[in-house]
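Each remark here refers to the structure printed beneath this line.
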Amino acid sequence: APDIAVANVKAHLNELQSIATANGGNRAHGRPGYLASVTYVKNLLDAAGFTTQQQSFTYGGATGYNLIADWPGGDTADTLMIGSHLDSVSAGPGINDNGSGSAANLEVALTVARSGFRPARHLRFGWWGAEELGLRGSTAYVNSLSSAQKAAITGYLNFDMVASPNPGYFLYDGDDSDNTGSGPGPAGSAQIEQTLAAYFSSIGVPTRGTDFDGRSDYGPFIANGIPAGGIFTGAEGRKTAAQVELWGGTTGAFDPCYHRACDTISNINDTALDRNADAIASTVWALAEDGGTPPG
Ligand code: PHE
Ligand code: CA
Ligand code: ZN
Ligand code: ZN
Ligand code: ZN
(Lines give C-alpha, C1' and ligand atoms only; values in the text may rest on other atoms or scores of the structure.)
(Ligands and ions follow the chains in the order given, each with its own letter.)
Protein backbone atom coordinates (compact mmCIF):
# COMPACT_ATOMS: atom_id res chain seq x y z
CA ALA A 1 0.00 0.00 0.00
CA PRO A 2 1.18 3.57 -0.53
CA ASP A 3 2.74 5.49 2.32
CA ILE A 4 0.36 8.28 3.36
CA ALA A 5 2.03 11.69 3.48
CA VAL A 6 1.44 12.88 7.04
CA ALA A 7 2.10 16.47 5.89
CA ASN A 8 -1.03 16.22 3.74
CA VAL A 9 -3.05 14.91 6.69
CA LYS A 10 -1.71 17.79 8.78
CA ALA A 11 -2.76 20.26 6.07
CA HIS A 12 -6.35 18.96 6.32
CA LEU A 13 -6.21 19.38 10.11
CA ASN A 14 -4.94 22.93 9.73
CA GLU A 15 -7.88 23.64 7.46
CA LEU A 16 -10.36 22.17 9.99
CA GLN A 17 -8.74 24.34 12.68
CA SER A 18 -9.15 27.44 10.47
CA ILE A 19 -12.78 26.53 9.83
CA ALA A 20 -13.45 26.29 13.58
CA THR A 21 -11.61 29.54 14.30
CA ALA A 22 -13.66 31.34 11.65
CA ASN A 23 -16.94 29.91 13.00
CA GLY A 24 -17.05 30.57 16.72
CA GLY A 25 -14.40 28.03 17.71
CA ASN A 26 -16.17 24.76 16.95
CA ARG A 27 -17.45 22.45 14.20
CA ALA A 28 -20.47 21.14 16.09
CA HIS A 29 -23.79 19.78 14.80
CA GLY A 30 -26.10 22.60 13.77
CA ARG A 31 -23.30 25.19 13.75
CA PRO A 32 -21.79 26.76 10.63
CA GLY A 33 -18.37 25.21 11.25
CA TYR A 34 -19.86 21.76 10.69
CA LEU A 35 -21.25 22.45 7.22
CA ALA A 36 -18.01 24.27 6.28
CA SER A 37 -16.11 21.10 7.27
CA VAL A 38 -18.37 18.97 5.05
CA THR A 39 -17.87 21.37 2.14
CA TYR A 40 -14.06 21.26 2.51
CA VAL A 41 -13.99 17.44 2.39
CA LYS A 42 -16.60 17.19 -0.38
CA ASN A 43 -14.83 19.60 -2.73
CA LEU A 44 -11.57 17.66 -2.54
CA LEU A 45 -13.31 14.32 -3.12
CA ASP A 46 -15.37 15.61 -6.04
CA ALA A 47 -12.23 16.98 -7.71
CA ALA A 48 -10.49 13.59 -7.20
CA GLY A 49 -13.24 11.64 -9.00
CA PHE A 50 -15.38 10.34 -6.15
CA THR A 51 -19.17 10.26 -6.44
CA THR A 52 -20.37 12.14 -3.39
CA GLN A 53 -23.72 12.50 -1.70
CA GLN A 54 -24.56 14.87 1.13
CA GLN A 55 -27.24 13.12 3.20
CA SER A 56 -29.38 15.32 5.47
CA PHE A 57 -30.98 14.29 8.74
CA THR A 58 -32.62 16.18 11.57
CA TYR A 59 -31.58 15.98 15.20
CA GLY A 60 -32.35 18.30 18.09
CA GLY A 61 -34.13 20.75 15.83
CA ALA A 62 -31.11 21.20 13.55
CA THR A 63 -30.20 19.75 10.16
CA GLY A 64 -27.21 17.43 10.20
CA TYR A 65 -25.23 16.05 7.28
CA ASN A 66 -23.38 12.89 6.39
CA LEU A 67 -21.01 12.92 3.44
CA ILE A 68 -20.87 9.64 1.50
CA ALA A 69 -18.17 9.19 -1.14
CA ASP A 70 -18.08 6.22 -3.50
CA TRP A 71 -14.97 5.29 -5.46
CA PRO A 72 -16.27 4.07 -8.83
CA GLY A 73 -15.66 0.41 -9.57
CA GLY A 74 -15.39 -2.84 -7.67
CA ASP A 75 -18.11 -5.25 -6.59
CA THR A 76 -20.83 -3.10 -5.05
CA ALA A 77 -22.33 -6.22 -3.44
CA ASP A 78 -19.03 -6.52 -1.52
CA THR A 79 -18.50 -2.98 -0.26
CA LEU A 80 -15.80 -2.00 2.21
CA MET A 81 -16.76 1.17 4.05
CA ILE A 82 -14.36 3.50 5.88
CA GLY A 83 -15.84 6.14 8.20
CA SER A 84 -15.18 8.83 10.78
CA HIS A 85 -17.25 11.51 12.49
CA LEU A 86 -16.59 15.01 11.25
CA ASP A 87 -18.45 16.92 13.97
CA SER A 88 -16.85 18.33 17.12
CA VAL A 89 -18.36 19.04 20.50
CA SER A 90 -19.50 22.65 20.91
CA ALA A 91 -16.73 23.30 23.48
CA GLY A 92 -13.91 23.34 20.96
CA PRO A 93 -12.57 22.70 17.45
CA GLY A 94 -12.32 18.89 17.78
CA ILE A 95 -8.98 18.46 16.04
CA ASN A 96 -8.02 15.16 17.65
CA ASP A 97 -11.72 14.25 18.21
CA ASN A 98 -12.29 13.78 15.37
CA GLY A 99 -10.42 15.89 12.88
CA SER A 100 -7.71 13.24 13.15
CA GLY A 101 -9.73 10.29 11.86
CA SER A 102 -11.53 12.49 9.33
CA ALA A 103 -8.29 13.95 7.91
CA ALA A 104 -6.53 10.57 7.81
CA ASN A 105 -9.48 8.98 5.97
CA LEU A 106 -9.65 11.94 3.58
CA GLU A 107 -5.98 11.58 2.65
CA VAL A 108 -6.37 7.80 2.25
CA ALA A 109 -9.31 8.44 -0.12
CA LEU A 110 -7.31 11.00 -2.10
CA THR A 111 -4.42 8.51 -2.26
CA VAL A 112 -6.80 5.86 -3.62
CA ALA A 113 -7.64 8.29 -6.41
CA ARG A 114 -4.06 9.48 -7.10
CA SER A 115 -2.75 5.91 -7.27
CA GLY A 116 -5.55 4.72 -9.55
CA PHE A 117 -6.40 1.89 -7.14
CA ARG A 118 -9.00 -0.42 -8.74
CA PRO A 119 -9.70 -3.02 -6.07
CA ALA A 120 -11.96 -6.06 -6.30
CA ARG A 121 -14.27 -4.72 -3.60
CA HIS A 122 -16.18 -1.47 -3.89
CA LEU A 123 -14.87 1.31 -1.62
CA ARG A 124 -17.15 3.81 0.10
CA PHE A 125 -16.06 6.47 2.56
CA GLY A 126 -18.37 8.19 5.07
CA TRP A 127 -18.01 11.33 7.20
CA TRP A 128 -20.68 11.33 9.91
CA GLY A 129 -22.56 14.19 11.51
CA ALA A 130 -23.69 14.49 15.13
CA GLU A 131 -21.67 11.60 16.55
CA GLU A 132 -21.14 13.67 19.67
CA LEU A 133 -24.88 13.80 20.29
CA GLY A 134 -25.26 10.00 20.24
CA LEU A 135 -24.07 8.54 16.90
CA ARG A 136 -26.92 10.37 15.16
CA GLY A 137 -25.51 10.63 11.63
CA SER A 138 -24.17 7.08 11.35
CA THR A 139 -27.43 5.78 12.80
CA ALA A 140 -29.45 7.80 10.26
CA TYR A 141 -27.28 6.43 7.45
CA VAL A 142 -27.61 2.78 8.48
CA ASN A 143 -31.36 3.22 9.05
CA SER A 144 -31.71 4.70 5.55
CA LEU A 145 -30.44 1.49 3.94
CA SER A 146 -32.62 -1.36 2.66
CA SER A 147 -31.83 -4.88 3.85
CA ALA A 148 -30.08 -5.53 0.55
CA GLN A 149 -28.01 -2.35 0.87
CA LYS A 150 -27.00 -3.31 4.41
CA ALA A 151 -26.03 -6.80 3.26
CA ALA A 152 -23.86 -5.27 0.53
CA ILE A 153 -21.66 -3.57 3.17
CA THR A 154 -19.37 -6.44 4.05
CA GLY A 155 -17.03 -4.50 6.32
CA TYR A 156 -16.77 -1.15 8.12
CA LEU A 157 -13.60 0.54 9.38
CA ASN A 158 -14.01 3.36 11.94
CA PHE A 159 -11.43 5.93 12.93
CA ASP A 160 -12.30 8.18 15.89
CA MET A 161 -9.33 9.82 17.71
CA VAL A 162 -6.16 8.53 16.09
CA ALA A 163 -3.61 11.19 17.13
CA SER A 164 -4.04 11.67 20.89
CA PRO A 165 -1.18 13.72 22.36
CA ASN A 166 -0.17 10.94 24.81
CA PRO A 167 -1.14 8.06 22.52
CA GLY A 168 -1.87 4.42 23.00
CA TYR A 169 -2.32 2.09 20.05
CA PHE A 170 -5.64 0.38 20.67
CA LEU A 171 -7.53 -1.79 18.20
CA TYR A 172 -11.24 -2.42 18.62
CA ASP A 173 -11.24 -5.90 20.10
CA GLY A 174 -13.50 -7.51 17.53
CA ASP A 175 -12.36 -11.01 18.41
CA ASP A 176 -12.68 -10.39 22.19
CA SER A 177 -9.20 -11.82 22.65
CA ASP A 178 -8.07 -9.43 25.36
CA ASN A 179 -11.23 -7.69 26.52
CA THR A 180 -13.71 -10.23 27.75
CA GLY A 181 -17.25 -8.99 27.73
CA SER A 182 -17.33 -6.41 24.91
CA GLY A 183 -17.30 -8.72 21.97
CA PRO A 184 -16.83 -10.66 19.87
CA GLY A 185 -18.33 -8.61 17.04
CA PRO A 186 -20.00 -9.93 13.88
CA ALA A 187 -17.98 -12.63 12.12
CA GLY A 188 -15.36 -10.85 10.04
CA SER A 189 -14.53 -8.33 12.78
CA ALA A 190 -11.63 -10.53 13.83
CA GLN A 191 -10.17 -10.43 10.30
CA ILE A 192 -10.31 -6.64 10.34
CA GLU A 193 -8.61 -6.46 13.74
CA GLN A 194 -5.95 -8.90 12.61
CA THR A 195 -5.28 -6.96 9.39
CA LEU A 196 -4.77 -3.75 11.37
CA ALA A 197 -2.60 -5.66 13.86
CA ALA A 198 -0.42 -7.03 11.08
CA TYR A 199 0.51 -3.50 10.01
CA PHE A 200 1.53 -2.45 13.53
CA SER A 201 3.48 -5.66 13.88
CA SER A 202 5.33 -4.85 10.64
CA ILE A 203 6.50 -1.50 12.07
CA GLY A 204 7.27 -2.95 15.52
CA VAL A 205 4.60 -1.01 17.41
CA PRO A 206 2.70 -3.06 20.01
CA THR A 207 -1.10 -2.82 20.14
CA ARG A 208 -3.70 -3.64 22.75
CA GLY A 209 -7.44 -4.29 22.55
CA THR A 210 -10.08 -1.75 23.48
CA ASP A 211 -13.75 -2.29 24.23
CA PHE A 212 -15.86 -3.15 21.20
CA ASP A 213 -18.88 -1.66 22.90
CA GLY A 214 -20.31 0.71 20.30
CA ARG A 215 -18.94 3.94 21.76
CA SER A 216 -18.42 5.37 18.26
CA ASP A 217 -19.98 5.21 14.79
CA TYR A 218 -19.29 1.51 14.24
CA GLY A 219 -22.09 0.87 16.78
CA PRO A 220 -25.01 0.95 14.30
CA PHE A 221 -22.99 -1.17 11.85
CA ILE A 222 -22.27 -4.02 14.29
CA ALA A 223 -25.86 -3.77 15.57
CA ASN A 224 -26.84 -4.72 12.01
CA GLY A 225 -24.40 -7.62 11.78
CA ILE A 226 -21.77 -5.78 9.71
CA PRO A 227 -18.18 -6.71 10.66
CA ALA A 228 -16.18 -3.73 11.90
CA GLY A 229 -12.90 -2.62 13.36
CA GLY A 230 -10.79 0.43 14.02
CA ILE A 231 -7.97 2.22 15.82
CA PHE A 232 -8.20 4.44 18.92
CA THR A 233 -5.36 6.35 20.62
CA GLY A 234 -7.29 7.10 23.82
CA ALA A 235 -9.54 9.79 25.26
CA GLU A 236 -10.13 10.73 28.91
CA GLY A 237 -8.64 7.48 30.26
CA ARG A 238 -5.18 7.54 31.80
CA LYS A 239 -2.14 5.71 30.49
CA THR A 240 -0.89 3.21 33.06
CA ALA A 241 2.76 2.76 34.02
CA ALA A 242 2.76 -0.51 32.06
CA GLN A 243 1.43 1.33 29.01
CA VAL A 244 4.15 3.99 29.38
CA GLU A 245 6.68 1.13 29.25
CA LEU A 246 4.99 -0.10 26.07
CA TRP A 247 4.47 3.16 24.20
CA GLY A 248 6.35 5.93 26.01
CA GLY A 249 4.61 9.13 27.06
CA THR A 250 3.36 9.85 30.55
CA THR A 251 0.97 8.40 33.14
CA GLY A 252 -1.68 11.02 32.47
CA ALA A 253 -4.73 11.15 30.25
CA PHE A 254 -4.27 9.93 26.68
CA ASP A 255 -5.95 13.20 25.66
CA PRO A 256 -6.08 15.84 28.41
CA CYS A 257 -7.99 18.11 26.00
CA TYR A 258 -10.71 15.56 25.25
CA HIS A 259 -13.98 17.47 24.59
CA ARG A 260 -12.34 20.75 25.61
CA ALA A 261 -11.50 24.06 23.93
CA CYS A 262 -7.83 23.03 23.89
CA ASP A 263 -8.44 20.19 21.38
CA THR A 264 -6.68 22.34 18.78
CA ILE A 265 -4.03 21.76 16.13
CA SER A 266 -1.55 21.70 19.07
CA ASN A 267 -3.31 18.64 20.49
CA ILE A 268 -1.98 16.21 17.87
CA ASN A 269 0.79 13.64 18.17
CA ASP A 270 2.34 13.63 14.69
CA THR A 271 3.96 10.21 15.09
CA ALA A 272 0.65 8.60 16.00
CA LEU A 273 -1.07 10.43 13.14
CA ASP A 274 1.55 9.19 10.66
CA ARG A 275 1.51 5.58 11.88
CA ASN A 276 -2.27 5.42 11.98
CA ALA A 277 -2.79 6.97 8.55
CA ASP A 278 -0.38 4.40 7.16
CA ALA A 279 -2.17 1.62 9.06
CA ILE A 280 -5.49 2.71 7.55
CA ALA A 281 -4.03 2.65 4.03
CA SER A 282 -2.37 -0.71 4.56
CA THR A 283 -5.63 -2.20 5.84
CA VAL A 284 -7.81 -0.67 3.12
CA TRP A 285 -5.45 -1.95 0.42
CA ALA A 286 -5.24 -5.43 1.90
CA LEU A 287 -8.96 -5.86 2.63
CA ALA A 288 -10.16 -4.26 -0.61
CA GLU A 289 -8.27 -6.85 -2.60
CA ASP A 290 -9.99 -9.59 -0.59
CA GLY A 291 -6.67 -10.99 0.54
CA GLY A 292 -4.96 -10.46 -2.81
CA THR A 293 -1.66 -8.63 -3.21
CA PRO A 294 -2.18 -4.88 -3.00
CA PRO A 295 -0.32 -2.67 -5.48
CA GLY A 296 2.19 -0.04 -4.38
N1 PHE B 1 -16.72 8.30 20.44
C2 PHE B 1 -15.96 8.99 21.48
C3 PHE B 1 -16.11 10.49 21.24
O4 PHE B 1 -16.24 10.94 20.13
C5 PHE B 1 -14.51 8.64 21.45
C6 PHE B 1 -14.23 7.17 21.51
C7 PHE B 1 -13.86 6.52 20.37
C8 PHE B 1 -14.32 6.47 22.69
C9 PHE B 1 -13.59 5.16 20.37
C10 PHE B 1 -14.06 5.11 22.73
C11 PHE B 1 -13.68 4.46 21.58
O12 PHE B 1 -16.08 11.27 22.16
CA1 CA C 1 3.23 8.10 6.33
ZN1 ZN D 1 -15.03 11.08 18.60
ZN1 ZN E 1 -16.04 13.07 21.22
ZN1 ZN F 1 -8.66 -8.72 19.79
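The values are calculated or read from the model by the stated rules, or taken from the named source; none is laboratory data. If you're wondering where the values come from, they're calculated on a predicted model, not measured in any experiment. With ideal geometry, Cβ positions are generated from the backbone for all residues, glycine too; neighbour counts draw on all protein chains shown. SASA here: full protein model, heavy atoms, side chains in, ligands and nucleic acids out. Shrake-Rupley method; radii C 1.70, N 1.55, O 1.52, S 1.80 Å.
Hey, among 50, 57, which residue is among the aromatic types (Phe, Trp, Tyr), at pLDDT 95 or above, surrounded by fewer than 22 Cβ atoms within 10 Å (Cβ to Cβ) and more than 16 Å from ligand 2 (Cβ to nearest atom)?
It is 57.
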Yes or no: region 135-147 includes at least one residue that is more than 28 Å from residue 270 (Cα to Cα), modelled with pLDDT of 95 or more, open to solvent by 20 Å² or more (accessible area, probe 1.4 Å) and within 16 Å of ligand 4 (Cβ to nearest atom). yes
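Tell me, which residue of region 42-60 that is part of a helix (DSSP H, G or I) and touching a residue at least 40 places away in the same chain (Cβ under 8 Å) is farthest from ligand 1 (Cβ to nearest atom)? Please lay out each step first, then the result.
First pass over region 42-60, keeping only residues part of a helix (DSSP H, G or I): 42-48.
This time we only want the ones that are touching a residue at least 40 places away in the same chain (Cβ under 8 Å), so: 44-45, 48.
Working: 44: 23, 45: 23, 48: 27 Å.
My answer is 48.
Assess whether residue 154 counts as being over 20 Å from residue 213 (Cβ atoms), in a strand (DSSP E or B), over 14 Å from the mean Cα position of the chain (by Cα) and away from ligand 3 (no atom under 16 Å from the Cβ).
Working: over 20 Å from residue 213 (Cβ atoms): yes; in a strand (DSSP E or B): yes; over 14 Å from the mean Cα position of the chain (by Cα): yes; away from ligand 3 (no atom under 16 Å from the Cβ): yes.
Here the answer is yes, as residue 154 does meet what is asked.
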Residue hits (region 96-122; buried (at least 24 other Cβ atoms within 10 Å of the Cβ) and either assigned to a strand (DSSP E or B) or touching a His at 6+ places or on another chain (Cβ under 6 Å) (or both)) are 98, 103, 106
So, in region 191-230, how many residues would count as being among the small types (Gly, Ala, Ser), closer than 22 Å to residue 278 by Cβ and surrounded by fewer than 22 Cβ atoms within 10 Å (Cβ to Cβ)? 6
Quick one: in region 231-241, which of the residues that are within 9 Å of ligand 1 (Cβ to nearest atom) and over 18 Å from residue 178 (Cα atoms) is least open to solvent (accessible area, probe 1.4 Å)? 235
Output for Cβ contacts, cut-off 9 Å, separation at least six or different chains, first residue open to solvent by 40 Å² or more (accessible area, probe 1.4 Å) in region 3-24, second at pLDDT below 95, reads 3/296
For residue 245, the lone unmet condition from (1) touching a helix residue (DSSP H, G or I) at 6+ places or on another chain (Cβ under 9 Å); (2) over 23 Å from residue 155 (Cα atoms); (3) outside any loop (DSSP other than H, G, I, E, B) is (1)
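Yes or no, residue by residue, for (1) touching an Asp or Glu at 6+ places or on another chain (Cβ under 9 Å); (2) within 16 Å of ligand 2 (Cβ to nearest atom); (3) farther than 25 Å from residue 152 by Cα; (4) assigned to a strand (DSSP E or B):
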{"residue": "8", "(1), (2), (3), (4)": "yes, yes, yes, no"}
{"residue": "17", "(1), (2), (3), (4)": "no, no, yes, no"}
{"residue": "20", "(1), (2), (3), (4)": "no, no, yes, no"}
{"residue": "37", "(1), (2), (3), (4)": "yes, no, yes, no"}
{"residue": "40", "(1), (2), (3), (4)": "yes, no, yes, no"}
{"residue": "67", "(1), (2), (3), (4)": "no, no, no, yes"}
{"residue": "83", "(1), (2), (3), (4)": "yes, no, no, yes"}
{"residue": "91", "(1), (2), (3), (4)": "yes, no, yes, no"}
Scanning region 174-187 for residues that are within 16 Å of ligand 1 (Cβ to nearest atom) and in contact with a helix residue (DSSP H, G or I) (Cβ under 7 Å, 6 or more places away or on another chain), the one most open to solvent (accessible area, probe 1.4 Å) turns out to be 185
Output for region 248-268, where each listed residue is open to solvent by 70 Å² or more (accessible area, probe 1.4 Å) and touching a helix residue (DSSP H, G or I) at 6+ places or on another chain (Cβ under 6 Å): 251
